[in-house]
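Have a look at the structure below before the remarks.
The values are calculated or read from the model by the stated rules, or taken from the named source; none is laboratory data. These figures come from a predicted structure and were not determined experimentally. Every residue, glycine as well, gets a Cβ built from its backbone with ideal geometry; the counts of neighbours run over all protein chains shown.
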Amino acid sequence: LNHGASPLSAKVVGSFAYLTVKDRMPTIITKVIDSIHRNKNKFFEEYGEDGIEAEKRAISFLSKLRNEVQTDKPILELTDGLRDVDAWNQHLQRHQTVQGSKESVSWFKSPWLYVECYMYRRIQEAIWLNPPINEFDVFNEGKTQSFFESQQATIALCTFLETLKKDKDIPSKNLLFDNFIKLLQVSLWGNKCDLSISAGQENYQKDSPVEALPNLKPFVLVDDSHMVWAALTSSKSNTVSGKRVDIVLDNAGFELVTDLVLADFLVSFCLADEIHFHGKSFPWFVSDVTAKDFEWTIRQTMAANHKWMSKCGVQWKKYLKDGVWSYHDHPFWTLPHEFCDMAVDAPDLYTKLKGADLILFKGDLNYRKLTGDRDWDFTVSFDTVLRGFEPSPLCSLRTLKANVQVGLQPGQGERLTSQEPNWMTSGKYAVIQFHMPHVE
Ligand code: F6P
Ligand code: MG
């Protein structure tokens, strides 16, 4: 647990972690309660009185949870007996040992990364402990809505991809590079929390996420995309079967579409032979992708009333059927651990990731876990903060939504702080940060 700079925590009054635990987390729990309540009639239709009873019990669990957060109660052991419970409870014990007394592990005093992850696991506990509604995804409505709201941008993106594929001429390396960079950036900005890239802003035309890119360039603080390209196009391959790219997914909705389009491009233009997508095994951080979201998104894309969009969906389904694409989940992704602990805490996953030629880590939470969500100096290198986590060449595609950022030029962070105090949490800035493992 002791890995360098100190972890971000709500202890620091006024910090983003503090505001999150104080305001944003209770609001999220309230929204979950509302979503369960809105589905009361559905539960009744499906399960009769048992459904209503489960709804009431889940809501009372969640109200208790919200109260624990708001009154800074100690973090409790999990009791639902499911497969990841031991890992959570051991983690809690480790924190208790480090901090010396049981009472000191609490919402406002402990590392933000840990308590925030724990909240999502407790929300899930409220669902799992309450059959028959234990399959209910409390965040489903938001995820599907965000997919439908970004329909125009999805159409534009699928049309862009299909137009590239239609061109019978083999693209020159330069053209391939240009288009790779475009789709990598689209996938990066797909992570922008407010999905504004998809909502049709006045600074670009026709809702096209690709046309918006030149205007967004100044906001990419670190851009290692050339190194990502070099890793992809180098002749060495980790796998016998060919090049494998792993995408550690973040959010459903438009971001997932941007990831699928990038993956399709990589395969269609022979930059990768195989793609492994990694998702979450239960609903997580409001909009993260689960297996159900993944399948649903591909089905919806296939069924779209637009030629190029549905063509993409059909192709994606075929990639999955043929094993060119595959979806994976692992309990480690929904634990609070920093990634530098993966080799010890989830050696099977670490070994699997070693088989990739490139791993793309999407989004802010993955960045927090890569860096340990710590108060690093802005100029510390990305390599340093990974603290030995280097299963394969890896790249973080992340818009900034938390107070951690490394690998900046001297003075760059300070300048941004003086110009825009909330530059680290607004989602307006982004990084494409690459790391190549050291040779053994
Ligand atoms: O807005 C802050 C936050 O809730 C962070 O706690 C978390 O890291 C992030 O949002 C989730 O963003 P992303 O979906 O990019 O991981
Ligand atoms: Mg997310």
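Worth a mention:
- Within region 367-379, the set of residues being surrounded by fewer than 23 Cβ atoms within 10 Å (Cβ to Cβ) and touching a helix residue (DSSP H, G or I) at 6+ places or on another chain (Cβ under 9 Å) comprises Arg374, Trp376, Asp377, Phe378, Thr379.
- Looking only at region 270-288, and only at residues there that are out of contact with any Asp or Glu (no Cβ under 8 Å at 6 or more places or on another chain), free of Cβ contacts under 8 Å to residues at least 60 places away in the same chain and part of a loop (DSSP other than H, G, I, E, B), the one that is farthest from ligand 1 (Cβ to nearest atom): Cys270
- Residues of region 294-324 that are surrounded by 13 or more Cβ atoms within 10 Å (Cβ to Cβ), over 23 Å from Gly142 (Cα atoms) and touching a strand residue (DSSP E or B) at 6+ places or on another chain (Cβ under 9 Å): Trp316, Tyr319, Leu320, Val324.
- When restricted to residues that are in a helix (DSSP H, G or I) and crowded, with 20+ Cβ neighbours inside 10 Å, region 125-145 contains 4.
- Residue that is farthest from ligand 1 (Cβ to nearest atom) [pool: residues in region 386-422 that are assigned to a helix (DSSP H, G or I) and closer than 20 Å to Met227 by Cβ]: Gln412
- Among the residues of region 352-394, the ones that are in contact with a Pro (Cβ under 9 Å, 6 or more places away or on another chain) and of a type in the set (Asp, Glu) come to 4 in all.
- Residues of region 371-383 include none that is hydroxyl-bearing (Ser, Thr, Tyr) and part of a strand (DSSP E or B).
- Of the criteria (1) in the same structural domain as Gln124 (by TED's automatic domain parsing); (2) touching an Asp or Glu at 6+ places or on another chain (Cβ under 8 Å); (3) crowded, with 18+ Cβ neighbours inside 10 Å, which one Pro7 fails: (1)
- Taking first residues from region 334-347 that are touching a residue at least 24 places away in the same chain (Cβ under 8 Å) and partners that are part of a helix (DSSP H, G or I) and of a type in the set (S, T, N, Q), no Cβ contact under 7 Å between residues at least 6 apart in sequence or on separate chains turns up.
- Exactly one residue out of Gln412, Gln405 is polar (S, T, N, Q), buried (at least 19 other Cβ atoms within 10 Å of the Cβ) and closer than 23 Å to Lys192 by Cα, and it is Gln405.
- Among the residues making up region 252-269, those that are within 13 Å of ligand 2 (Cβ to nearest atom), over 10 Å from the mean Cα position of the chain (by Cα) and assigned to a helix (DSSP H, G or I) are Phe254, Asp259.
- Of residues in region 146-160 being surrounded by fewer than 17 Cβ atoms within 10 Å (Cβ to Cβ) and in contact (Cβ under 8 Å) with a residue 24 or more places away in the chain, the one nearest to Asp34 (Cα to Cα): Glu149
Each row is one residue, and each column tells you yes or no for (1) away from ligand 2 (no atom under 16 Å from the Cβ); (2) surrounded by 24 or more Cβ atoms within 10 Å (Cβ to Cβ).
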position	(1), (2)
Ser208	yes, no
Ser225	yes, no
Ala230	yes, no
Ser237	yes, no
Asp250	no, yes
Leu271	yes, no
Ser281	no, no
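- The residues of region 10-63 that are among the small types (Gly, Ala, Ser) and either assigned to a helix (DSSP H, G or I) or out of contact with any helix residue (DSSP H, G or I) (no Cβ under 7 Å at 6 or more places or on another chain) (or both), listed by number, are Gly14, Ser15, Ala17, Ser35, Gly48, Gly51, Ala54, Ala58, Ser60, Ser63.
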